[in-house]
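Participant: Take this structure, written in structure tokens, and hold onto it; I'll ask about it next.
Every read-out reported here was derived from the displayed coordinates using simple, explicitly stated rules and does not represent laboratory data. Because the structure is predicted, anything quoted here is derived from the model rather than measured. When we count neighbours, we look across all protein chains shown, and the Cβ atoms used for this are built from the backbone with ideal geometry, even at glycine.
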């Protein structure tokens with residue numbers, strides 16, 4: 001049996017890593033998506049970047065961060081953001097831009113300003129797409145955060161890699177199993193939150 | 001610049017690493033396509049099993065890839081085999097889900113036309129439903145290609161060889177030259193494969209998508 005205190009610190013580090021990266025991604029991603037509605041060039045750059053960067057293996061992204069930025073906690077955060085920002089921007093933009101033109105027209109008709117249309121028409125309509133993006137990004141961030149232990153971020157990945165180096169199965173599992181539980185927690189909690197925020201829609205599968 | 005690249009390339013034997021990488025990748029992808037399409041087809045024929053099956057596959061999909069590779073160690077050890085198993089486990093969902101959706105969502109008019117021409121149910125499946133599902137299946141395979149490429153690279157950490165191995169060496173030794181050469185090369189490979197898959201997907205969409 002592995003001692004609880006052995007897991008506690010890496011677990012907290014892991015959570016800190018994932019949540020920091022995720023919050024930065026959301027804080028950057030939503031405004032970027034709204035801006036992309038108005039600037040065609042930004043939209044093209046974001047979409048092309050999203051598709052290209054998504055194809056590149058995570059290990060390569062994490063590796064290339066090392067010579068460019070260095071090792072440690074913040075480079076790891078940047079590596080995770082590089083992975084999780086684009087799905088959020090892409091999904092949010094798709095959600096915001098696929099609102100029915102008739103709804104926009106009637107919102108304009110009752111005299112809503114541009115900002116009010118975004119706030120009361122576009123964003124509520126985009127909830128399912130935004131949540132799908134955030135869920136995807138959260139699960140991605142969780143799995144990249146294990147890998148970034150290679151570049152010295154600490155967290156549950158450190159247990160996995162120490163166990164791997166020492167052929168210590170118990171240690172590897174004490175890193176892997178909590179990470180899986182965190183992933184399942186993200187999945188269920190975000191599903192629940194989506195249902196609470198958009199009760200008029202069926203769950204988005 | 002070019003001399004440095006060739007030096008790293010030769011010293012870390014990247015030609016063989018690339019071949020190794022592509023062999024693992026294509027084995028995993030072929031297995032994933034076979035398993036995925038079969039699963040999609042079986043679920044299409046046993047509709048009641050579809051929701052629980054997709055829920056299970058969805059749950060597997062949320063597992064961090066490294067955690068899955070760790071869980072596979074007691075079953076399959078380390079090296080090439082667990083990497084391929086992990087690739088297949090991750091790739092079944094997109095391929096099976098798209099196959100299922102494609103088969104189930106053929107337009108009723110076309111099915112009616114087929115029946116009026118006297119086609120039997122298996123013929124309707126193979127002559128109408130499958131061709132109509134090609135673009136969606138290709139889309140699923142494209143997602144699987146990206147997933148597989150990522151996991152095969154990751155397999156390098158778990159002793160599977162391929163281009164992940166020099167990347168790991170580069171990170172452990174903090175050697176920018178190895179990281180840049182191997183990282184950019186594997187990035188280019190991934191982007192090219194994804195682009196090729198995208199091309200095939202849109203070709204199929206043009207051929208089978210518009211009726």
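Participant: Just to confirm my numbers, what's the Cα centroid distance between region B:141-211 and region A:42-63 in Å?
Facilitator: If you average the Cα positions of each part, the centres end up 12 Å apart.
Participant: Any idea what the alpha-carbon Rg over 2.2 N^0.38 Å comes to for chain B?
Facilitator: Relative to the 2.2 N^0.38 Å estimate, chain B comes out at 1.21.
Participant: Also: Most mobile of B:183, B:164, B:140 per a Gaussian network model of chain B (Cα springs, under 10 Å)?
Facilitator: Checking each option, the largest mean-square fluctuation is seen for B:183.
Participant: Now for a different question. How long, wide and thick is region A:113-200, going by the Cα atoms along their three principal axes, in whole angstroms, largest first?
Facilitator: Extents along the principal axes, in whole Å: 61, 25, 13.
Participant: Expressed as a whole percent, how much of the Cα-Cα distance distribution for region A:11-78 exceeds 21 Å?
Facilitator: Everything past 21 Å amounts to 40 percent.
Participant: How do A:115, B:185 rank when sorted from fewest to most other Cβ atoms within 10 Å of their own Cβ?
Facilitator: In order of increasing Cβ crowding within 10 Å: A:115, B:185.
Participant: If you average the sequence gap of Cα pairs under 8 Å that are 6 or more apart and divide by the length of chain A, what percent do you get for the contact order?
Facilitator: For chain A, the relative contact order is 27 percent.
Participant: Stokes-Einstein at 20 °C, 1.002 mPa s, Kirkwood radius from Cα pairs: D for the protein assembly as shown in µm² s⁻¹?
Facilitator: Roughly 94 µm²/s, to the nearest whole number.
Participant: Follow-up question, since we're still on this one. With a cut-off of 14 Å, note down the residues of region A:75-98 whose backbone N falls inside the zone around a label point 7 Å from the Cα of residue A:39 toward its beta carbon.
Facilitator: Answer for this model: none.
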